[in-house]
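Right, one structure below, let's go through it.
The values are calculated or read from the model by the stated rules, or taken from the named source; none is laboratory data. Not measured: the values here are computed from a predicted model. Using ideal geometry, Cβ is built from the backbone for each residue, glycine included, and neighbour counts are taken over all protein chains shown.
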Amino acid sequence: MIKVIIFDMDGTIVDTDEVLRLTWYKVFEKFYNNKHYVSDDVIKTFSGPSLKETINKYFPNFSFNEVKDVYSNSSFEYYEKYANVFPDELEVLKKLKDDGYKLAVFTNKNKERALYCLNKLSLNKYFSYLVSGDDVKHNKPNKEGIDKILNYYKIKTDEAILIGDTIYDYNAAFNGGVKCILLKVASRIFPKNLKPIGIYTTYMDLYKGIKEYDN
């Protein structure tokens, strides 16, 4: 019996693809004088790893703190303007909560920005626990965040599932011993060798999939 449903944030409960695209345009323009230094498809993959991992990979010859500051300062205006929820998401979150499930968030995003998104989009009333990138020593795909959530709710691994949109989410679930559902409400491509409970493209289908699994 499933008691807790763990949701990733970017690309899962918050549509931030446009935020990321425009923010990284500014960052690449600043440091490489070319906002198209990487393709839009590559930028979409930045929603999985931590900001630190992305900066270290794509800006190895620049000061980490300088790149981080440019990213943070640039992104705020775009979060305010473009961050949004997905179609039918709020209805499904309410249904899941009304069904008795506890809902948690596990994200590599820093705590300040995660709380900002939850509050801005009125999502905080659905979730009873948040594990952000600031709350763990090791980000996804490490299982540390999964362990914190299981311990918080005092549940076993087979009493939780994780909903995410990247290989980082899938591997975090696998490493933590919990089942995973992959969500493609944002445009995502997954390796063919993954074996999640299901892959869904809408929140309504996600709800049906959860109820079928937890029958």
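Scan Phe46, Phe106, Phe7 and give me the residue that is within 20 Å of Ser132 (Cα to Cα) and at pLDDT below 95.
Matching residue, one of Phe46, Phe106, Phe7: Phe46.
Quick check on Ile155: is it touching a Phe, Trp or Tyr at 6+ places or on another chain (Cβ under 8 Å), in contact (Cβ under 8 Å) with a residue 12 or more places away in the chain, on the phi < 0 side of the Ramachandran plot and of a type outside the set (S, T, N, Q)?
no
Inside segment 97-117, can you point out the residues that are surrounded by fewer than 20 Cβ atoms within 10 Å (Cβ to Cβ) and of a type in the set (A, V, I, L, M)?
Scanning segment 97-117 gives Leu103, Leu115.
Among the helices (runs of 4 or more DSSP H) confined wholly to segment 28-96, which include 1 or more residues that are farther than 30 Å from Tyr203 by Cβ?
By residue number, 51-58, 64-82.
Can you spot a residue in segment 139-147 that is under 15 Å from the mean Cα position of the chain (by Cα), modelled with pLDDT under 95, in a helix (DSSP H, G or I) and of a type in the set (A, V, I, L, M)?
no
Suppose the filter is more than 19 Å from Ser47 (Cβ to Cβ), in the same structural domain as Gly145 (by TED's automatic domain parsing) and among the hydrophobic types (A, V, I, L, M, F, W, C); does Ala160 pass it?
The answer is yes for Ala160.
Collect the residues in segment 15-27 that are among the basic types (Lys, Arg), under 22 Å from Ile167 (Cβ atoms) and either in contact with a Ser or Thr (Cβ under 7 Å, 6 or more places away or on another chain) or not in a helix (DSSP H, G or I) (or both), keeping them in residue-number order.
none
Please go through (1) touching a Leu at 6+ places or on another chain (Cβ under 9 Å); (2) not assigned by TED's automatic domain parsing to the domain that holds Lys156 for Val42 and return the number of the only condition it doesn't satisfy.
Failed condition: (1).
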